[in-house]
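First the structure, in the form of structure tokens, and then the observations on it.
The values are calculated or read from the model by the stated rules, or taken from the named source; none is laboratory data. Quick caveat, the model's predicted, so the values are computed rather than measured. Cβ coordinates were reconstructed from backbone atoms using ideal geometry, including for glycine residues, and neighbour counts include every protein chain displayed. Heavy atoms of the whole protein, side chains included, go into the accessibility calculation; ligands, DNA and RNA do not. Shrake-Rupley method; radii C 1.70, N 1.55, O 1.52, S 1.80 Å.
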Amino acid sequence: MRIVVADHVGETRAALFEGDRAVELHLERWSERRSRAIRGEIYRGRVRRIEAQLNGAFVDIGRGPDGFLSFGAAGRPAGFHEGAAIGVQVAREAFQEKGPTLALYEVEAGDAPEALLTAPPLAERLSGQFDAPIVHASKAGIDLDAEFEAALEPRVMLHGGGQIIIEPVTALTAIDVDAAGRTGGKGNFAFDLNRTAAREAARQIRLRGIGGVVAIDFLPLKKKGDQTALEATLKSGFKNDPAKVDIAPSSRFANVELARQRLGRALHEQMWERFGVESVETAALAALRALEAEGRANRASPLVLDAGSEVHDWLARDPVGWNKAMASRLGARFSLKASASLPARGFSAVRA
């Protein structure tokens, strides 16, 4: 097991590898450095309001949206009131429109809101969590960008033929198992394909950071024993997943539903603005990676980053301080130009 990391201007990308396959992908962007609470961080928060019907309270932690603190079975703590300063730890990061989930944590009295213990950089967090060494992507000979691109594709081809199609929607993630031209041979065709699909589905769910409800539509199986064996295969696929996964019995329509604990945002939630459409920031950061790659390939030449209107506007505003950071890496030999011939989120990095 190892952590493969690539530090780019604007973001850090990291992957957890078991053997030669990535099992988790993670992203940390400069734009969220002071606006997003990370799992495990500790804050002295200020109780914003108590929600009796939810048996909890919303707490201002001074970073991002208010977090929610559940009182649990014990109920509202004695002396707990709106405006109180309390210690909390981030148990689950914010996702979609929901703020972080918090847990009580004993801290010294003081002003609130205030960050008391912030998380280390992404690669260090992963290395500590999995007790694995950190290796730079260039030294490992791994193209992390290709790993991220593949993890956003809806179709995943299976070994031996067939595919799974992964479609996240608002309420759940749907995964369809498709023979895709794979033909039967010796043995139980549907069962063999389903088992291969189950193993890959488990890997993809963890790889993409998918949480919440997942519905998998397998090929129908006639034998009860085959259904039981398939469920066991799916369960074994999650054996090393740090998130809690609950798997329901298969329905008579060959559908299996599972619920995976949300620890943070799924990869597509970080990189897309809506299904299949990357955000302007994602496109702009890809442009910066292209500029840096061109600069390292041509270490003395002046460089030009041509950008479509939306990417150009984002980069021209420089919300993350990329210009100064890029100059420290490449020198002040690059320029940004708007291009009317490129799509709004297109770009091209070339020698001048």
Could you list which residues have their amide H under 5 Å from that of LEU158, counting only those 5 or more apart in sequence or on another chain, with H placed in the peptide plane?
-> GLN163, ILE164
The farthest towards the positive end of the charge dipole of the chain, of the residues GLN89, ALA119, ALA259, given +1 on Cβ of Lys and Arg and -1 on Cβ of Asp and Glu, is ALA259
Which distance in Å, rounded to a whole number, links the C-alpha centroids of the stretch 40-86 and the stretch 115-164?
-> 34 Å
Could you give the radius of gyration (one decimal) and Dmax (whole number) of the Cα atoms in the stretch 143-193, in Å?
-> 13.6, 40
Accessible area of the stretch 255-295 belonging to carbon and sulfur atoms, whole % at 1.4 Å probe | 46 percent
Non-local Lys pairs in the stretch 168-279, i.e. 8 or more apart or on different chains, that have alpha carbons under 22 Å apart = 7
Which value in Å is the Kirkwood Rh of the stretch 301-352 over different Cα pairs?
-> 11.2 Å
Rounded to the nearest 0.05, FRET efficiency between LEU172 and LEU152 (Cβ-Cβ, R0 25 Å) equals 0.90
Centroid-to-centroid separation of the stretch 190-216 and the stretch 281-320 [C-alpha atoms, Å] | 36 Å
Chymotrypsin sites (Phe, Trp or Tyr not before Pro) within the stretch 75-148: DSSP coil, no more than 11 neighbouring Cβ in 10 Å | none
Per residue, accessible area of the stretch 195-322 with a 1.4 Å probe, heavy atoms of protein chains only, in Å², comes to 46 Å²
Hey, any idea what the orientation-averaged projected area of the convex hull of the stretch 1-124's Cα atoms comes to, in nm²?
-> 9.3 nm²
Would you kindly find the accessible area of ARG2, with a 1.4 Å probe and non-protein molecules such as ligands, DNA and RNA excluded, rounding to the nearest 10 Å²?
-> 70 Å²
Convex hull over the alpha-carbon atoms of the stretch 69-149: what's its volume per residue in Å³?
-> 175 Å³
First obtain the Kirkwood hydrodynamic radius of the stretch 211-352 from its Cα pairs, then insert it into the Stokes-Einstein equation at 37 °C and 0.692 mPa s, and state the resulting D in µm² per second as a whole number.
-> 174 µm²/s
Cross-link partners among lysines for LYS324, C-alpha distance below 29 Å, same-chain residues fewer than 8 apart left out?
-> LYS139, LYS337
Please report, in debye to the nearest 20, how large the charge dipole of the stretch 125-187 is about its Cα centre when each Lys and Arg carries +1 at its beta carbon and each Asp and Glu carries -1 there.
-> 260 debye
Accessible area of SER348 in the full protein assembly, 1.4 Å probe (Å², nearest 10) = 40 Å²
What residues have an amide H closer than 5 Å to that of LEU102, excluding those fewer than 5 places away on the same chain, when H is modeled at 1.01 Å from N in the peptide plane?
-> PHE68, LEU69, SER70, ALA91
Starting from 0 in steps of 20 Å, tell me what percent of the Cα-Cα pairs of the chain lands in each bin.
-> 25, 50, 24, 1
